[in-house]
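The values are calculated or read from the model by the stated rules, or taken from the named source; none is laboratory data. Predicted model, so just to flag it, every value in this text is computed and none were measured. In this analysis, Cβ positions are derived from the backbone assuming ideal geometry, glycine residues included, and neighbour counts consider all displayed protein chains.
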Amino acid sequence: MEQLFDAFGIDGKLLIAQLINFGVLFVALTWLLYKPVMKTLDERREKIAKGVEDAELATAKLEGADEEVSRRVQGAETEAEGIVASARDAANTEKARIMKEADARAAQIAVDADLRAKEAAAQALKESEKEVARLAVLAAEKVLRKS
Amino acid sequence: MTGVLAQAGSFFNMLFSVPVAYAAEEAAGEHASGIHVVLKAEEIGSLFGFPITNSLLMTWIVVALLIGFAVLFRRKIALVPGKLQAGIEMLFEGVLNYMSETLEDEKLARKFFPLIMTIFLFVLIANELAFLPGVGSILIEHMGESVPFLRAPAADLNLTLALAIISFLVIEITGVVVLGFFKYAGKYVNFSSPVNFVVGIIELLSNVGRLISFSFRLFGNVFAGEVMIAVAVFFVAYLLPVPLMAFEVFVGFIQAVVFSMLTLFFIKLSIMDPHGDEAH
């Protein structure tokens with residue numbers, strides 16, 4: 001065994017030195033290289049996961065907003081239709097009322113005109129009767145004078 | 001396991017003959033022109049009686065480079081990644097996902113990620129940096145001998161054995177912590193039937209054998225690569241070593257993967273419920 005160790009140059013001091021070398025390297029690389037890199041990887045993974053989550057949330061929100069918009073537009077349309085319909089109704093009633101009024105007024109005017117015309121005719125008849133009587137008197141006078 | 005042992009055995013034979021041949025060559029006084037193959041890392045100095053080998057120095061360089069990179073990189077980490085950060089993140093996430101699948105537990109995977117990743121990065125950089133010009137070729141004088149100033153870290157059994165010990169301890173301790181001492185021990189010392197007893201003993205041996213297989217696999221691959229390139233350079237210094245080096249670069253990567261993945265698999269094995277408890 002001694003010979004074997006000697007042939008390969010195995011020396012307790014060197015062996016321990018190499019153990020320490022590896023130990024130092026192990027500790028140094030763990031603190032300087034592996035931990036920071038792993039931390040960065042984890043951070044990035046977290047960030048990406050958060051980004052994806054945010055995007056999903058935003059998409060959901062957008063969908064909600066779209067729904068809200070269409071719902072509101074529909075509401076507004078219905079409302080507008082209602083308004084237009086009620087306006088049409090009101091206009092129709094108003095129209096009917098105005099027409100009726102106009103008809104009534106026209107009838108009144110016609111009646112008035114008729115009445116006035118009759119009155120005028122009556123008056124004219126009365127005046128013409130007076131005139132005829134006066135002319136008849138005059139004609140009679142003339143006839144008497146000649147005779 | 002027996003296959004690994006047999007491999008290691010023949011490997012020993014091959015390796016033991018090499019330094020002998022080298023020693024003979026040295027005795028003949030052809031030091032400068034010979035193939036420089038030494039099984040063990042050579043001492044290039046000492047600090048307060050502590051031996052410093054060329055492999056240890058190279059290990060320090062690798063550790064310093066990795067920590068330096070981590071320090072510089074840490075400052076530039078941002079939520080929106082640059083190219084380098086994106087690449088590193090991809091590597092980390094890939095490894096972590098693979099570990100989660102293997103261990104079937106994300107928490108456990110996160111706990112073991114630093115260990116597996118450090119083994120991978122350390123072995124990878126240690127293996128690949130060894131191909132830099134100057135490693136193995138710059139010689140310095142030490143105690144009257146000229147020895148290479150730098151040597152591939154994994155071409156020193158001290159390093160690979162240290163890694164194997166760490167891996168072994170983590171595997172066994174994890175088993176004990178996750179399953180509890182008696183349940184874990186019951187995997188290996190089982191008196192329920194003779195067959196189970198023998199199986200348990202074999203598993204125990206194979207667990208301890210991992211220390212050898214882990215350390216010698218990495219050491220053998222890297223060292224053999226060095227020897228192969230050294231021989232190729234000795235015969236034809238130009239062009240011929242290029243494909244061999246390219247292959248060794250690949251081997252360096254594969255060994256890093258193998259060491260870290262086997263550690264992962266053995267962790268998974270150690271936390272699995274003992275046989276018999278499962279509903280088959």
**Q.** Cross-chain or 6+ apart pairs with Cβ under 8 Å, region A:24-41 first and in a helix (DSSP H, G or I), then surrounded by 16 or more Cβ atoms within 10 Å (Cβ to Cβ) and of a type in the set (Gly, Ala, Ser)
**A.** A:ALA28/B:ALA70; A:LEU29/B:ALA70; A:LEU32/B:ALA70; A:LEU33/B:ALA70
Q: Could you please let me know if A:VAL24 is within 30 Å of B:VAL62 (Cβ to Cβ), out of contact with any Ser or Thr (no Cβ under 6 Å at 6 or more places or on another chain) and modelled with pLDDT of 95 or more?
A: yes
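Among the candidates A:LEU15, A:LEU41, which residue alone is within 10 Å of chain B (Cβ to nearest Cβ), among the hydrophobic types (A, V, I, L, M, F, W, C) and closer than 30 Å to B:LEU57 by Cβ? Let's see the steps before the verdict.
Details: A:LEU41 fails: closer than 30 Å to B:LEU57 by Cβ.
Result: A:LEU15 is the single residue among A:LEU15, A:LEU41 that is within 10 Å of chain B (Cβ to nearest Cβ), among the hydrophobic types (A, V, I, L, M, F, W, C) and closer than 30 Å to B:LEU57 by Cβ.
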Q: Consider only pairs whose beta carbons are under 9 Å apart and that are at least six residues apart or on different chains; among these, list those whose first residue lies in region B:97-113 and is within 14 Å of chain A (Cβ to nearest Cβ) and whose second residue is among the aromatic types (Phe, Trp, Tyr).
A: B:MET99/B:PHE112; B:MET99/B:PHE113; B:ALA109/B:TYR98; B:PHE113/A:TYR34; B:PHE113/B:PHE92
Q: Search region B:38-56 for residues being more than 7 Å from every other protein chain (Cβ to nearest Cβ) and out of contact with any Asp or Glu (no Cβ under 9 Å at 6 or more places or on another chain), and hand back the single one that is surrounded by the fewest Cβ atoms within 10 Å (Cβ to Cβ).
A: B:PHE48
**Q.** So A:ALA55, is it part of a helix (DSSP H, G or I), modelled with pLDDT of 95 or more and at the interface with chain B (Cβ under 7 Å from one of its Cβ atoms)
**A.** no
Q. What number goes with the only condition from (1) modelled with pLDDT of 85 or more; (2) surrounded by 12 or more Cβ atoms within 10 Å (Cβ to Cβ); (3) farther than 27 Å from B:VAL257 by Cβ that B:ARG75 does not pass?
A. (2)
Q) Quick check: is even one residue across region B:148-161 outside any helix (DSSP H, G or I), out of contact with any Lys or Arg (no Cβ under 7 Å at 6 or more places or on another chain) and either away from every other protein chain (no Cβ under 14 Å) or surrounded by fewer than 17 Cβ atoms within 10 Å (Cβ to Cβ) (or both)? A) yes
